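S.K.: If you scroll down you'll find the structure; I have some questions about it.
The values are calculated or read from the model by the stated rules, or taken from the named source; none is laboratory data. Everything quoted here is computed from the prediction, not taken from an experiment. Cβ placement follows ideal geometry from the backbone for every residue including glycine, while neighbour counts extend to all protein chains displayed. Areas reflect the complete protein model, heavy atoms only, side chains present, ligands, DNA and RNA absent. Shrake-Rupley method; radii C 1.70, N 1.55, O 1.52, S 1.80 Å.
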Amino acid sequence: MGKEAEKVRKPRFLCLHGFRTSGEILKKQIHKWPESVVQKLDLVFQTDLTRPKANPTLKGSSILLITSGSSSTRGQYYRRAAGAASQRCGSNEGETDFLKPYGLELLESCVDPVVINHPKGHTIPRLENNTRKGGESEKGSTCAISLPRIRSFASNSSVEATRVMQSMTSPVSISYLTQREAAEIDEILMGPLGFSVNQLMELAGLSVATSIAEVYKPSEFNRVLAICGPGNNGGDGLVAVRHLHHFGYKPFVCYPKRTAKPLYTGLVTQLESLAVPLLTVGDLPSDLSKDFDILVDAMFGFSFHGAPRPPFDDLIQKLVYLHECNQTRQKSSVIVSVDIPSGWNVEEGDVAGEGIKPDMLVSLTAPKLCAKKFSGPHHFLGGRFVPPSIVEKYKLHLPPYPGTSMCVRIGKPPQIDISALRENYISPEFLEEQVEANPIDQFRKWFDDAVAAGLKEPNAMCLSTVGQDGKPSSRMVLLKGIDKDGFVWCTNYESRKAHQLSENPGASLLFYWDGLNRQVRVEGSVQKVSDKESEQYFHSRPRGSQIGAIISKQSTIVPGRHVLYQQFKELEEKFSDVNLIPKPKSWGGYKLKPDLFEFWQGQQSRLHDRLQYTPQEINGRQVWTIVRLAP
Ligand SMILES: NC(=O)C1=CN([C@@H]2O[C@H](COP(=O)(O)OP(=O)(O)OC[C@H]3O[C@@H](n4cnc5c(N)ncnc54)[C@H](OP(=O)(O)O)[C@@H]3O)[C@@H](O)[C@H]2O)[C@@H](O)CC1
Ligand SMILES: [K+]
């Protein structure tokens, strides 16, 4: 079974209209959207809505694109129903519409639907980067479709869709705040919205620390100096330092103008309890790059005005100098600015061009106008606390935070030199005396570690096969079982790998567990498993995967994706009343019986561990011999 086939899913847009022929009308109008966008979406044009639950095309839709004249009750009840479902908006209109029950049923069969209402009649809305330009028609709905909104959907649905959507979005779609707006938002958050400054600062500082950790690993960039100013920006810096300490960095703080309020004295006490050194300005060397790998600039945020006063004028100059020195060095220290590069005008940026040039900017809440002038390689957004009322009031377009992350990158990551990409692995000892005598037991131990570490798909393995022609080929498959005799996976018996295995049963498996710095090679010969075992595996799969396995004549040419969809829909209908979907003859399991294992673990300075197991006959008994191989 190929992993890929299961994962890729385009975001589905269900395009509705308030009247009978609407599906057809929208289909004709779709040419108004760029071809490159249309290709990336699964657009379903729907007219008959009377039996939504029985209609497989409606299931799983996550974006409902509704077009209707502004007075259409049907459009309104869809919106109202969606609002009720998602607590987003509410109106009493459309109560009497005869289609209402179907509308509610439809919403129920959608996965966390996002409703995009287009009230301008029989037409498809324009697709724009910024819905601000599209103009709002009614609260909670806009004429133009916002790409960030689509992305927000995509991040909820599948990693693949997120990737596709990210490629569609440019930094142009991000909102930037004026200095006044930033201060206003601050007031609203801490006034009517009930936040305390402590809370916001904690979240802001955590965002800064996690942004740093995403780009600059503590194994390479360990020594951090945070220069903290007198206001909340300085407070963010103090919080970030505490988190960086717990993330494994060695932080130092320079906090020359301390604020006497309990919030700040508390933050300092917390750092002292972690033995984080607090340095005076006089303690700092003239060239900061000698002693520090990361300089956190937390001097001034959005309340900065005028020219920097002492001692911050000199501290800013130190960071300017550091950047100049970096140009001539092999390994540079990096500057991370919190919210605003200190000394920059909050809206105009580095007007004279003589200010600091940070490598990373972590904008908080939303980027300020000066961030448009930021040209460093890493721009992140943090402060994952912005409620919808602020988003709506200031018409903010911000990238969605992925998963549970406290930060998100804005714009594209920088181009990197592939040859320079390397990790300095730090792993526990892996010694011959400590390993299990039986490699299957050792494999299980490492597999359990991978599961405990929360690694994604720890059972994904690269299967390599070689046919009669001697040409090897590899692909990722999922391990479905393991016992004392070997490793099992399932596939199509008419696929390319199956043909190769029928010509040559020799194959190899490779597991790679990033995050644990481990890989395991397993080599041996392959046989089909029994029909009974294959049956069991087949029926343990989700129904969708079972149907997918039936329609896929694996490795043969398909005229287009639509053919697969069509066949899928047909079979879904055919089996809608069938409990047990029959396993196709061409689908089944293979088992690799190992005759070689190698356990690899990355170590510092490329002195990796490699322990190899091979079987030996001793007194008629099979035992595994373990040897260490040179890295
Ligand atoms: N949602 C949000 O809003 C959130 C905001 N958060 C954070 O708060 C930051 C804004 O904080 P803030 O308002 O305390 O202002 P900030 O810029 O740190 O410093 C003001 C201090 O600097 C001083 N100062 C000013 N100019 C100066 C100069 N030329 N030379 C010397 N000193 C100068 C000024 O003194 P004053 O002029 O008043 O005498 C005052 O003491 C924001 O950027 C973000 O990091 C997050 O924590 C959470 C969410
Ligand atoms: K700053």
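S.K.: Say we look at segment 278-305 and pick out the residues that are near ligand 1 (Cβ under 8 Å from one of its atoms) and open to solvent by 70 Å² or more (accessible area, probe 1.4 Å); which of these is nearest to N232 (Cα to Cα)?
M.R.: S303
S.K.: Would you point out the residue of segment 339-398, among those that are more than 25 Å from Q199 (Cα to Cα) and part of a strand (DSSP E or B), that is farthest from ligand 1 (Cβ to nearest atom)?
M.R.: Per the criteria, the residue is H378.
S.K.: Quickly run through segment 501-558 and pick out the residues that are open to solvent by less than 80 Å² (accessible area, probe 1.4 Å), over 30 Å from N424 (Cβ atoms) and under 30 Å from the mean Cα position of the chain (by Cα).
M.R.: Scanning segment 501-558 gives R541, G544, S545, Q546, I547, G548, A549, S552, Q554.
S.K.: While we're on this one: What are the residues in segment 480-500 that are closer than 26 Å to P439 by Cα, surrounded by fewer than 20 Cβ atoms within 10 Å (Cβ to Cβ) and not small (G, A, S), if any?
M.R.: Residues satisfying the conditions are I482, D483, K484, D485, V488.
S.K.: Tally up the residues in segment 365-392 that are in contact (Cβ under 8 Å) with a residue 12 or more places away in the chain, open to solvent by 10 Å² or more (accessible area, probe 1.4 Å) and either over 30 Å from Y321 (Cβ atoms) or of a type in the set (A, V, I, L, M) (or both), please.
M.R.: 9
S.K.: Give the residue that is farthest from ligand 2 (Cβ to nearest atom), with candidates limited to residues of segment 319-342 that are open to solvent by 40 Å² or more (accessible area, probe 1.4 Å) and without any contact (Cβ under 8 Å) to a residue 40 or more places away in the chain.
M.R.: Selected residue: Q330.
S.K.: Could we say that K318 is away from ligand 1 (no atom under 12 Å from the Cβ) and basic (K, R) here?
M.R.: yes
S.K.: Keeping to segment 283-308, report how many residues are within 15 Å of ligand 2 (Cβ to nearest atom), farther than 24 Å from D186 by Cα and either of a type in the set (S, T, N, Q) or over 34 Å from the mean Cα position of the chain (by Cα) (or both).
M.R.: 0
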